Amino acid sequence: MTHSQLILWTMFISSWLTVLLFMDRASLKRYMPVTLFTCFVMSNIFIIAFHYHWWSIQQSIVPWGYVINVSFAYGLFPVTVLWIYYFTSHRFWQYVGVNLVIDWIYVYLIFDRVLPWLKIAKFRLMQPWQYYLIVFGLSLLIYLYDAWQKQIMLSPHQTVSKDSRMHKPVFPIFIGFKSKSPIE
């Protein structure tokens, strides 16, 4: 295992550990469709990028990783979307503002600077600003998907509010604290 692969595995595992340790069950259940949709769309973006040589992937944690970077498409990116959604989904403009900043960090710092330096991936026929527009457009698509998802999943008398989150981790035994939710 190379140094780069160790970094990729660490990114993949640690991103999902943040969800398992710190996100409550109700929120995980509520935002998992958005996360799975993100994985699906990112997989397609990576496949299109492979076909059109938008970037090249030099290191991966799985044999097919030269097409889809598993650490990003199924790890860091969807988990980041999950956390952004957890904190901002009930305020559209806050969601947009956070995505503008996080997407800029992802594209211009991580993808354009750090990944080439670590010899993990690099842009080829796509400019960073083009990928930034794709990733930000994806965030808007995710928001629309979630709005549609809310309509079909909730009955007319149900609502989801930011106060309904219980702040109870999925596996509280790992960090040793109990929820003080009035619901329990």
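Any read-out appearing in this document is the output of simple, stated calculations on the displayed coordinates, not a laboratory observation. Predicted, not measured: the structure shown is a model, and the values here were computed from it. Positions of Cβ are backbone-derived with ideal geometry, glycine not excepted, and every protein chain shown enters the neighbour counts.
Extension gain, L21-I110: 0.36 nm per intervening residue step, less the Cα-Cα distance, totals 29.6 nm.
Note on R25, R124, R30: ascending count of other Cβ atoms within 10 Å places them as R124, R25, R30, the fewest first. Between rounded, prolate and oblate, where does segment 3-154 land on the alpha carbon gyration tensor, with a ≥ b ≥ c its root eigenvalues, rounded for a/c under 1.5, else prolate if a/b exceeds b/c? The shape class here is prolate.
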